[in-house]
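What follows draws every value from the coordinates through simple rules; no lab data is involved. Note that the coordinates shown come from a computational prediction; the quantities given were computed from them, not determined experimentally. Positions of Cβ are backbone-derived with ideal geometry, glycine not excepted, and every protein chain shown enters the neighbour counts.
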Amino acid sequence: MTGTTKIVWRGLQVAFFAVGVLIVAMLLFNPPLGLYLLWDVLIPVAPLLLVLAPGLWRNVCPLGSFSLLPAQLGLSRGRTISQAWQQRLLLGAIVLLLVIVPLRHVVLDVYGVVTGIVLLVVAAAAIGLGFVFDWKSAWCSGLCPVYPVEMLYGSRPLVSVPNVQCRVCTGCVSPCRDSSRALVPPDAAKGGSKLLVYLFAGGFPGFVLGWYLVSPNTSAPLLEQIGMAFLLPMAGLLASALLFLGLYLAFPRRRRWLALLFAALAVAIYYWFKLPVMLGLEGDGTHALLNLRAVLPGWSVWALRVGAGALLFGLMLGRKPSAGWSGRVASATA
Ligand code: SF4
């Protein structure tokens with residue numbers, strides 16, 4: 001990597017870190033703006049970025065940079081995480097994801113200050129783990145709840161970028177999701193965890209669909225709201241996982257392809273619902289990234305949905321894996 005390239009990447013990391021700080025500050029001090037920036041700007045573009053260039057996100061994720069700070073400053077104890085604990089952290093990340101997302105309906109989409117505090121707690125956990133464990137092993141490739149989604153959506157990246165976080169490879173995780181190509185989430189699991197991770201991959205489309213079918217009722221008692229927020233996503237997860245399990249048993253040679261198919265289905269369902277809102281074609285326009293309601297005809301909603309779905313399926317299933325998320329890094333022990 002040339003000096004100029006390094007400077008550009010460092011600039012991007014600093015810029016994204018500043019965006020992360022800005023969003024947390026807005027959540028705490030101007031909650032409506034903070035909620036808009038987080039849920040209507042950053043999060044809606046993230047799945048597409050994870051499909052196209054997961055390595056780019058891994059290089060600039062503000063929480064990732066924060067968790068690596070102790071190691072960058074030589075303050076991390078750099079403890080190795082055993083294979084057994086890598087499995088537990090992966091399952092922990094999946095559980096966190098499945099708990100946090102439904103809570104959006106009740107808390108995280110509604111109360112900016114609470115969301116800001118949750119992000120601060122998550123940041124403290126990320127940097128705390130960075131002080132103890134080797135490089136990305138505990139957070140970025142461990143307990144981070146975005147990590148399972150990165151693996152789900154990022155199996156066929158269109159763009160592979162240099163790994164600017166890992167200057168030399170310490171072998172902190174195995175397999176390394178940053179430098180191996182064409183992994184699907186179960187490839188990162190072993191033994192009994194493998195089936196569980198397959199079921200997560202199979203259940204995720206139903207989970208996303210169930211999440212969008214929830215109708216939040218803010219006047220209901222809190223416990224009822226929480227129950228309703230979890231009911232449909234979990235029912236969808238179960239139904240989708242059972243369908244996946246049937247196909248998994250029926251087509252044992254196509255298991256990895258099935259994991260990819262269900263991942264493509266999950267991200268296509270996400271944009272089926274989200275894209276019209278992002279473009280102001282559905283909803284009241286307050287969640288739009290770009291309001292095109294006055295420009296596009298009503299039928300364009302369906303054209304966009306079908307077009308986006310076809311594009312995502314083409315990207316994730318219609319191509320051979322050509323590269324990993326990032327280029328390989330020289331081993332520290334070589
Ligand atoms: S390239 Fe090496 S140091 Fe970096 S995440 Fe992968 S295993 Fe860890």
Sparse-neighbour loop sites [chymotrypsin sites (Phe, Trp or Tyr not before Pro); the range 291-334; at most 13 other C-beta within 10 Å; DSSP]: TRP299
What's the whole-number percent of alpha carbon pairs in the range 3-317 lying beyond 27 angstrom? 45
How high is the FRET efficiency between ASP284 and ALA25 when r is their beta carbon distance and R₀ equals 22 Å, given to the nearest 0.05? 0.25
Compare VAL60, VAL146, VAL168 in a GNM of the chain, Cα atoms joined below 10 Å, and give the one with the largest fluctuation. VAL168
Calculated FRET efficiency, GLU224 and ASN291, Cβ-Cβ r, R0 22 Å, to nearest 0.05? 0.05
Highest GNM mean-square fluctuation, the chain, Cα pairs closer than 10 Å: which of ASN163, ASN59, ASN30? ASN30
Most mobile of LEU158, LEU63, LEU290 in a GNM of the chain (Cα contacts under 10 Å): LEU290
Which whole-Hz couplings ³J(HN,Hα) result when phi for each residue of the range 183-188 is put into the Karplus expression 6.51 cos²θ - 1.76 cosθ + 1.60, θ = phi - 60°, listed in order with x for Gly and Pro? 6, 10, x, x, 5, 8
Hey, if you drop one equal point scatterer on each alpha-carbon of the range 1-155 and run the Debye formula without solvent, what base-10 log of I(q)/I(0) do you get at q = 0.11, 0.19 Å⁻¹? -0.45, -1.36
What list of ³J(HN,Hα) couplings, whole Hz, do you get for the range 58-66 from phi and the Karplus terms 6.51, -1.76, 1.60, once you set θ to phi - 60° and write x for glycine and proline? 4, 6, 10, 3, x, 5, x, 4, 5
